[in-house]
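Peer 1: One structure coming up, written as structure tokens, with questions to follow.
We did not get these values from a lab; they are worked out from the coordinates using the rules stated. In this text, all values refer to a predicted model and were calculated from it rather than measured experimentally. Glycine gets a Cβ as well: all are built from the backbone with ideal geometry, and neighbour counts include every protein chain shown.
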Amino acid sequence: MDRRNASRGPMTTAIHAGEKPDETTGASAPPIHMSSTFVSEDVSGFSAYDIREDSPYAYARWANPTTDMLEQKIAALQGSEACLCTASGMAAATAIFLTFLSAGDHVLVSDVSYAGVAELARDTLPRLGIDASFVNMSDLDAVAAEIRPNTKLVHTETPVNPICRLTDLSAVAKLAHAAGALLSCDATFVSPIGMDSTALGVDLVMHSITKYIGGHGDAVGGAVAGRADLIRQMRVEAGIHHGGVISPFNAWLIARGAATLPLRVKAHAQGAQAVAEWLETHPAVNRVIYPGLPSHPQHELAQRQMTNAAGMLSFQVGDAETGRRIAQQMIDRLEVIHYAVSLGHHRSLIFWMETEGLMDTSFRLTGAAAEDYRRFAGDGIFRLSVGLEDADDLIADLDRAL
Ligand SMILES: *Cc1c(COP(=O)(O)O)cnc(C)c1O
């Protein structure tokens, strides 16, 4: 964390943290340093284990000034000591798993999560001898029952993609910490604005910065924020050794987006609230799930844990056949909203996610877990990322397609 700025508000932090006028030119906007290597003034080693906090720049896989700027900005926004930026959100998730887990360890993962994380945890980790098990993290008894003597990490996601179910982070942090495990949370759906994951006890806050933090749909990246010693371990293992570092150009684009994050997230939430309330009244819509609606099954937790629900909502329209038909109508009729995956951009994005297909490929839930998923998603949901357009235009667009 940029401690000089610790007392500043989030809007000032988003703009100024990590940045300063260029020392040689006085440029107010930060430069892009694309250099992959840096001229050395000392004879020094070339091992990841040689890096110290005050090491000069040596090679861009270790550190780069433009990437540093973004890392300091995200750490400050998240109220964390440090941050590691990665090539993508998936590289951030992989960085957490492969830095803090070894063969013989157990990791407890939310039974619903971003599909890539779900598949990585179910297929890749067991291949490496890491035992992964999956629970509904809104059920604290289930979390407590699944923690084992060799549990090293609990990985959750809130609001969870794609059903916007919530995890009580401070309660899960207590359970994880009592067992000596770290808690990581994928907070992509809410961004650092709107939920203080660090204060709630999360050790490693992960974001796909492709989404809200970048905010403009033009750069892929990831970030993990946390204590300096944990981030340093990740920098050595995941950054320098596994090599999934972000391009300085993407870091610069994402930092430019991050400067307006607090303003944008406020506008996303306002738009999403209006669209969600309208969808609740539409006869073709069976159910709307948005943490900002009093009808969200965990609305009380949302109010306690989140100060802003951002722009992600999901809604059901009936059985899978109806959903597929309406998805096709959306592809044919939407004029403003893009029918596309991804989220958190200024452009609104919508995508149909059928339950049966997701169960076969990513989540593979059975019994009570599958039933709970269906309580939120039915036979399928539309995942809508409400962008920054006028809410009336989004509502008119949805009305054309429903
Ligand atoms: C998009 C996303 C990811 C993966 O991020 P990429 O930048 O696409 O690799 C991980 N978690 C969540 C919740 C996401 O929405």
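Peer 1: Specify which residue in the list 391, 363, 251 is farthest towards the positive end of the charge dipole of the chain, using unit charges on the beta carbon of Lys, Arg (+1) and Asp, Glu (-1), about the Cα centre.
Peer 2: Checked the options; the winner is 251.
Peer 1: Highest GNM mean-square fluctuation, the chain, Cα pairs closer than 10 Å: which of 361, 198, 25?
Peer 2: Greatest mean-square fluctuation among the candidates belongs to 25.
Peer 1: With the chain treated as a Gaussian network of Cα nodes joined by springs under 10 Å, which of 269, 327, 27 yields the largest mean-square fluctuation?
Peer 2: 27
Peer 1: Could I ask something else about it? Between region 333-358 and region 1-71, what is the C-alpha centre distance in whole Å?
Peer 2: If you average the Cα positions of each part, the centres end up 36 Å apart.
Peer 1: From the helices alone, meaning DSSP H stretches of at least four residues, give me the mean residue ellipticity at 222 nm for the chain, per-run term -39500 (n - 2.57), in deg cm²/dmol to the nearest 500.
Peer 2: Calculated mean residue ellipticity at 222 nm is -10500 deg cm²/dmol.
Peer 1: Test of the criteria: in region 324-402, which trypsin sites (Lys or Arg not before Pro) are in a DSSP loop and have at most 16 other Cβ atoms within 10 angstrom of their Cβ?
Peer 2: 347, 364
Peer 1: Once you sort the root eigenvalues of the Cα gyration tensor of the chain as a ≥ b ≥ c, which label holds: rounded (a/c under 1.5), prolate (a/b larger than b/c) or oblate (the other case)?
Peer 2: The shape class here is oblate.
Peer 1: In addition: Under 5 Å between amide hydrogens, which residues at least 5 positions from residue 210 or on another chain qualify, with H placed 1.01 Å from N in the peptide plane?
Peer 2: 89, 221
Peer 1: Same structure again: What is the Cα radius of gyration of region 112-246 over 2.2 N^0.38 Å, N being its residue count?
Peer 2: Against the empirical 2.2 N^0.38 Å value, I get 1.04 for region 112-246.
Peer 1: Work out the FRET efficiency for residue 142 and residue 11 from their Cβ-Cβ distance, taking R0 = 45 Å, and round it to the nearest 0.05.
Peer 2: Computed FRET efficiency for residue 142 and residue 11 comes out at 0.70.
Peer 1: For residue 20, give me every one of the lysines with a C-alpha distance below 22 angstrom, ignoring sequence neighbours fewer than eight places off in its own chain.
Peer 2: Hits, sequence-local ones excluded: 73.
Peer 1: Can you compute 3J(HN,Hα) from phi for each residue in region 193-204, using the Karplus curve 6.51 cos²θ - 1.76 cosθ + 1.60 with θ = phi - 60°, rounded to whole Hz and x for Gly and Pro?
Peer 2: 8, x, 7, 8, 4, 5, 5, 7, x, 6, 7, 10
Peer 1: Which shape class applies to region 261-401: rounded if a/c is under 1.5, otherwise prolate when a/b exceeds b/c and oblate if not, where a ≥ b ≥ c are the square roots of the Cα gyration tensor eigenvalues? Present the calculation step by step, with values, prior to reporting the outcome.
Peer 2: Working: a/c = 1.68, a/b = 1.15, b/c = 1.46.
Oblate is the answer for region 261-401, as a/c is 1.5 or above yet b/c matches or exceeds a/b.
Peer 1: Then there is this: For region 1-71, run through the trypsin sites (Lys or Arg not before Pro) and keep only the ones in DSSP coil with at most 13 other Cβ atoms within 10 Å of their Cβ.
Peer 2: Hits after loop and neighbour filter: 52.
Peer 1: Show me the ranking of peptides 230-240, 213-223 by mean Cβ neighbours inside 10 Å, starting with the highest.
Peer 2: 213-223, 230-240
Peer 1: Just to check, using Stokes-Einstein with a Kirkwood Rh over alpha carbon pairs, what's the diffusion coefficient of region 65-161 at 20 °C and 1.002 mPa s in µm²/s?
Peer 2: On the way: Rh = 14.6 Å.
The diffusion coefficient I find is 147 µm²/s.
Peer 1: Next up: Assign unit charges at the C-beta atoms only (+1 for Lys and Arg, -1 for Asp and Glu), then state the dipole size of region 9-106 relative to its Cα centre in Debye, rounded to the nearest 20.
Peer 2: Dipole about the Cα centre, nearest 20: 320 debye.
Peer 1: On to the next question. Ranked from highest to lowest mean number of other Cβ atoms within 10 Å per residue, what is the order of the peptides 202-209, 294-301, 391-398, 241-248?
Peer 2: 202-209, 241-248, 391-398, 294-301
Peer 1: Size of the dipole of the chain about the Cα centre, Lys and Arg at +1 and Asp and Glu at -1 on the beta carbon, nothing else charged, in debye to 20?
Peer 2: Taking the Cα centre of the chain as origin, the dipole is about 340 debye.
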